[in-house]
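Enquirer: Pasting in a structure now, in structure tokens, and then I'll have a few things to ask.
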Amino acid sequence: MKDPSSASAPVVKMRNIEKRYGQVTVLRGMNLDVFKGEAVGIVGDNGAGKSTLMKILCGAVQPTAGEIHLEGKPVKFNSPHEARLSGIEIVYQDLAVIGHLTVTQNVFLGREETKRILGFKMLDNRRMEAAARKLIAGLDPMLEDRTRVSVDSLSGGQKQSVAVARAMAFGPKVMILDEPTAALSVEKIERMLTLIRTLKESGLAVILISHRLQDIMTVCDRVIVMKSGSLVRDLNVGTTDIDEIVRLMVSGGEMDAVPKATGAAWPDHAAPGPAA
Amino acid sequence: MAVTHLAATDRILAARAKFSFRGGILIPLMSLLLIFLMFGSLSPSRFLTVTNVEVILTQAAVLAVVGFGLTLVIISGSIDLSVGSVAAVAGIIAAKLALVLGPVPAMLIGLAVGGVAGFVNGLVFVYLRVPSFLVTLAMLTTARGIAYLISDGESFVVYGMPILGYIGAYPTVVFVAAGLFLVLWLLLNKTAMGLYIRSIGGSEQIARLVGLPLNRIKLSIFLLSGVTAGIGGLILASRQGAATPNLGTSLELDVITAVVLGGTPLTGCVGNVTNTVIGAIAISALSNGLIIVGLTSDVQMIIKGVVLILAILVALERSKIGVIK
């Protein structure tokens with residue numbers, strides 16, 4: 001293994017993951033290791049299977065075959081709720097927050113703090129408010145005093161901060177970010193990337209799905225290239241470049257199989273898949 | 001500096017939310033006032049009497065009680081069209097059993113009948129994945145049929161149901177409505193369950209991804225809507241002194257209008273039972289006023305239909321609906 005923390009066991013170990021929908025195979029024999037304190041980028045063309053792989057990891061989709069180990073123990077998630085309880089959080093690009101609810105309500109959604117009043121479990125809004133303020137202040141200082149406003153009145157980047165805050169609120173082990181920079185302005189992208197660095201420095205395993213390869217080169221330690229539901233290559237960011245990644249995404253690694261020295265023209269069937 | 005500036009914008013946002021028809025309370029209050037002013041000036045000697053206001057409030061209590069359950073259903077983004085028929089079945093069964101079992105057990109069974117009808121709505125909606133308006137439309141006619149079947153077309157005189165009558169100077173139904181209001185207000189605004197109901201109405205997809213127990217919540221709110229419809233049926237039957245198979249016919253229309261006019265939009269997530277109280281009084285006053293000024297029932301129906309569509313037009317969040325079908 002090329003990654004810096006190869007001495008320790010991976011936090012996430014996915015083995016031989018397969019997913020079929022009827023006749024269509026979306027993932028075949030997919031393996032993935034993610035270690036504590038590293039950020040792994042997953043790239044691939046549309047339909048490469050990266051989103052399905054992440055949905056399997058976060059419990060939203062169940063694999064047809066294969067195993068998932070979390071901190072060495074085999075796990076099986078029947079729902080996103082079970083995955084969250086085990087410390088796996090995902091932040092979706094567009095499905096993130098509920099507009100009419102407040103920042104605090106969004107951050108604590110599904111894990112509200114309660115107190116007993118006359119035997120009834122009531123929301124402990126004061127405690128949640130204080131916790132949300134503290135959490136959000138570290139992510140987006142502008143939001144610190146706005147935890148009571150409805151998320152509708154926030155900008156796209158601020159909504160994303162709220163979604164990240166929800167994912168961070170309960171000390172996760174693994175954080176999956178699905179296209180976190182797709183809807184952001186240049187300035188907000190910088191903040192997001194800084195945030196990802198902070199996350200991995202704090203010991204989280206971060207998985208980043210992105211079409212923006214420059215983002216992945218900036219913050220990730222490794223890049224996983226996928227094509228047609230399989231792993232093409234597991235690359236160390238320090239020893240690769242965007243050109244190589246793009247080439248692998250398009251060719252699926254077939255081009256590398258032919259020795260470059262021969263300089264022969266590639267047979268057409270050696271480079272399958274759409275080039276666009 | 002920046003912080004105080006932000007706080008000011010947020011105060012404006014909060015104020016706008018209060019004035020907004022969607023979930024806000026001021027516009028519903030104004031329409032209520034408008035209705036009172038209109039009929040008060042048209043027929044002051046008959047509309048604005050203590051007795052008539054009491055009649056309005058008693059009638060509003062029925063709409064509110066049924067409307068509270070429906071409010072939760074609507075906030076979750078669904079609808080329950082069966083409340084009128086469910087009220088009829090509950091009222092008739094309770095009236096029929098009261099002769100044999102006595103009023104209190106009969107009333108409890110009536111409530112259970114409402115609950116079962118609501119639960120069946122919920123089961124079909126959740127597990128057979130039929131849209132709520134279709135499920136409850138089917139229940140509307142099924143329950144009405146059952147009401148005719150058990151009553152055999154007859155009406156049953158209601159004996160001594162404690163829901164009828166007065167506590168001090170006020171009708172008992174008003175206390176029933178007030179108690180139910182308090183419980184459901186707390187449920188909706190102070191518990192996680194209430195937040196989950198709003199979340200489902202706000203975005204069911206996000207609610208699912210966050211891991212909320214969607215099926216359990218949906219089943220509970222339809223069950224609850226059945227129970228509140230059942231309470232409404234008992235009140236209606238008690239007030240008439242008789243349970244007839246056509247009890248509560250087109251009650252669903254008045255109740256939906258009350259909820260929407262109160263400011264709970266059909267698009268879900270926002271709204272409150274407080275709004276439904278105002279909407280219920282407004283619709284009750286409107287019905288009462290239309291009778292007092294001497295309009296025939298056909299004209300009343302037309303006017304109520306127009307009010308419903310106006311309320312929906314003002315309250316609907318069009319941005320949330322991509323396609324209108």
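Enquirer: Assess whether A:R233 counts as being assigned by TED's automatic domain parsing to the domain that holds A:D45 and free of Cβ contacts under 8 Å to residues at least 60 places away in the same chain.
Expert: On the way: assigned by TED's automatic domain parsing to the domain that holds A:D45: yes; free of Cβ contacts under 8 Å to residues at least 60 places away in the same chain: yes.
Yes; evaluated as a whole, the condition is true for this residue.
Enquirer: Then there's this: Taking the range B:176-227 only, how many residues are more than 12 Å from chain A (Cβ to nearest Cβ), of a type in the set (G, A, S) and free of Cβ contacts under 8 Å to residues at least 12 places away in the same chain?
Expert: Residues in the range B:176-227 being more than 12 Å from chain A (Cβ to nearest Cβ), of a type in the set (G, A, S) and free of Cβ contacts under 8 Å to residues at least 12 places away in the same chain: 2 in total.
Listed here are the residues, each with its yes/no results for (1) among the β-branched types (V, I, T); (2) surrounded by fewer than 24 Cβ atoms within 10 Å (Cβ to Cβ); (3) at pLDDT 90 or above; (4) touching a Leu at 6+ places or on another chain (Cβ under 9 Å).
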residue: B:L214; (1), (2), (3), (4): no, yes, yes, no
residue: B:G230; (1), (2), (3), (4): no, no, yes, yes
residue: B:L261; (1), (2), (3), (4): no, no, yes, yes
residue: B:G289; (1), (2), (3), (4): no, yes, yes, yes
residue: B:I292; (1), (2), (3), (4): yes, yes, yes, yes
residue: B:G322; (1), (2), (3), (4): no, yes, no, no
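Enquirer: Could you list, in sequence order, all residues of the range A:91-124 that are more than 8 Å from chain B (Cβ to nearest Cβ), closer than 21 Å to B:S203 by Cβ and in contact with a helix residue (DSSP H, G or I) (Cβ under 9 Å, 6 or more places away or on another chain)? Steps first, please.
Expert: Step one: of the range A:91-124, the residues more than 8 Å from chain B (Cβ to nearest Cβ) are A:91, A:93-94, A:102-104, A:106-108, A:111, A:113, A:115-119, A:124.
Cutting the leftovers down to closer than 21 Å to B:S203 by Cβ gives us A:91, A:93-94, A:102-104, A:106-108, A:111.
Correct list: A:V91, A:Q93, A:T102, A:V103, A:T104, A:N106, A:V107, A:F108, A:R111.
Enquirer: Among the numbered criteria (1) part of a helix (DSSP H, G or I); (2) closer than 25 Å to B:L97 by Cβ, which single criterion is violated by B:Y159?
Expert: Status for B:Y159: all satisfied but (1).
Enquirer: If you don't mind, another one. Of these, A:K200, A:K159, which one is within 14 Å of another protein chain (Cβ to nearest Cβ), under 18 Å from the mean Cα position of the chain (by Cα) and charged (D, E, K, R)?
Expert: Just a single option satisfies the conditions, and that option is A:K159.
Enquirer: Right, next: Quick one: in the range A:162-194, which of the residues that are acidic (D, E) and over 15 Å from A:D94 (Cα atoms) is farthest from the other protein chains (Cβ to nearest Cβ)?
Expert: Within the range A:162-194, the subset acidic (D, E) is A:178-179, A:187, A:190.
From what is left, the residues that are over 15 Å from A:D94 (Cα atoms) are A:187, A:190.
Working: A:E187: 16, A:E190: 20 Å.
Here the residue is A:E190.
Enquirer: Name the residue, out of A:V24, A:V61, A:V43, A:V75, that is touching a residue at least 60 places away in the same chain (Cβ under 8 Å) and either out of contact with any Gly (no Cβ under 7 Å at 6 or more places or on another chain) or within 14 Å of another protein chain (Cβ to nearest Cβ) (or both).
Expert: Exactly one residue qualifies, and that residue is A:V43.
Enquirer: Now for a separate question. Tell me which strands (runs of 3 or more DSSP E) are completely within the range A:83-157 and hold 2 or more residues being surrounded by fewer than 23 Cβ atoms within 10 Å (Cβ to Cβ), or say none if there are none.
Expert: So the answer is A:114-117, A:120-123.
Enquirer: Name every residue in the range A:125-144 that is touching a residue at least 12 places away in the same chain (Cβ under 8 Å) and facing chain B (nearest Cβ under 10 Å), in order of residue number.
Expert: Across the range A:125-144, the qualifying residues are A:N125, A:M142, A:L143.
Residue-wise test of (1) outside any helix (DSSP H, G or I); (2) buried (at least 24 other Cβ atoms within 10 Å of the Cβ); (3) in contact (Cβ under 8 Å) with a residue 12 or more places away in the chain; (4) in contact with a helix residue (DSSP H, G or I) (Cβ under 8 Å, 6 or more places away or on another chain).
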{"residue": "B:L33", "(1), (2), (3), (4)": "no, no, no, no"}
{"residue": "B:V53", "(1), (2), (3), (4)": "no, no, no, no"}
{"residue": "B:T58", "(1), (2), (3), (4)": "no, no, yes, yes"}
{"residue": "B:V62", "(1), (2), (3), (4)": "no, yes, yes, yes"}
{"residue": "B:V66", "(1), (2), (3), (4)": "no, yes, yes, yes"}
{"residue": "B:G69", "(1), (2), (3), (4)": "no, yes, yes, yes"}
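The values are calculated or read from the model by the stated rules, or taken from the named source; none is laboratory data. Everything quoted here is computed from the prediction, not taken from an experiment. Every residue, glycine as well, gets a Cβ built from its backbone with ideal geometry; the counts of neighbours run over all protein chains shown.
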